[in-house]
1. Could you list, by residue number, the cysteines of the chain that have no other cysteine's beta carbon within less than 4.7 Å of their beta carbon?
2. Go through Leu35, Val70, Leu9 and say which Cα lies farthest out towards the positive end of the charge dipole of region 9-118; charges sit on Cβ, +1 for Lys and Arg, -1 for Asp and Glu.
3. About its Cα centre, what dipole magnitude does the chain give when the only charges are +1 on Lys and Arg Cβ and -1 on Asp and Glu Cβ, stated in debye to the nearest 20?
4. Write down the Å³ per residue value for the convex hull defined by the alpha carbon atoms of the chain.
5. Below 14 angstrom from the Cβ of Ser61, what's the summed charge of the other residues (Lys, Arg +1; Asp, Glu -1)?
6. Between Gln72 and Leu9, what is the label-point separation in nm under the 7 Å Cα-to-beta-carbon projection?
7. Do you know the relative contact order of the chain, to the nearest whole percent, from alpha carbon pairs under 8 angstrom that are 6+ apart?
8. Which of the GluC sites (Glu not before Pro) across region 1-108 are loop residues per DSSP, with 15 or fewer other Cβ within 10 Å?
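Read the figures in this text as sums done on the coordinates, not as results from a lab. In this text, all values refer to a predicted model and were calculated from it rather than measured experimentally. Backbone-built Cβ (ideal geometry, glycine too); neighbour counts: all protein chains shown.
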Amino acid sequence: MTKPPFEQLVTFFYTADLEATAHFYQELLGLPLALDQGTCRIYRVSADGFVGFCTRSQGPSPDGVILTLVSQDVAGWHQRLNQAGVHFDKAPAYNPTYNITHCFLRDPNGYLLEIQRFEDPAWPSPVTRSSD
C-alpha cells in the first residue's frame, strides 16, 4: 500500500450558531471534540479524519457541499437520529449506480450529510493503527 502524502484531514465549515452545531455533532452524532479553539471546534470523525466548524456572522453557504460519513450501520444511524428528532431528506436506500447504501439529512446549518456504506469490495477498509 502506498503511503498517503498527508497524515490527517480536517474539513472546515462556517456556522452562525456554534452551540447548535456543537450539540448536533457532539451529542447527536457522538463525535468526540478534538480541539476547542473558541470560535472554531474540531471533531474527530475517524482515526485521521476531522471536521471543524467556525463561527461566521454571515452563516454558512451549504449549497454544493456534502459531508459523507462512512459507516457499516446506515440503518442504525437512521433509526437513532430519527428517534432524536432529526429529519431525513432521504431514508436509507441502495443506490445501484454507485453500489452504495445511503441516507441524507441536514445539520443545523443546512449542510447536507450523507451516511453511507460502500457495497463495493474494492473500497479500502478503515486503517487500523497501533498506538504511537
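1. Taking the Cβ cut-off of 4.7 Å, the unpaired cysteines of the chain are Cys103.
2. Val70
3. Details: 9 positive and 14 negative charges, 13 e Å.
Charge dipole, the chain, about its Cα centre: 60 debye, nearest 20.
4. Values: hull volume 18.7 nm³, N = 132.
Spelled out: Cα convex hull of the chain, divided by residues, is 142 Å³.
5. On the way: positive: Arg56, Arg106; negative: Asp63, Asp107.
Cβ neighbours under 14 Å give a net charge of 0.
6. Computed distance between label sites Leu9 and Gln72 equals 2.1 nm.
7. Working: 217 pairs, mean separation 29.3, N = 132.
Once normalised by length, the contact order is 22 percent.
8. On the way: sites: Glu7, Glu19, Glu27; in loops: Glu7.
For GluC sites (Glu not before Pro) across region 1-108 that sit outside H, G, I, E and B with at most 15 neighbouring Cβ atoms in 10 Å, the list reads Glu7.
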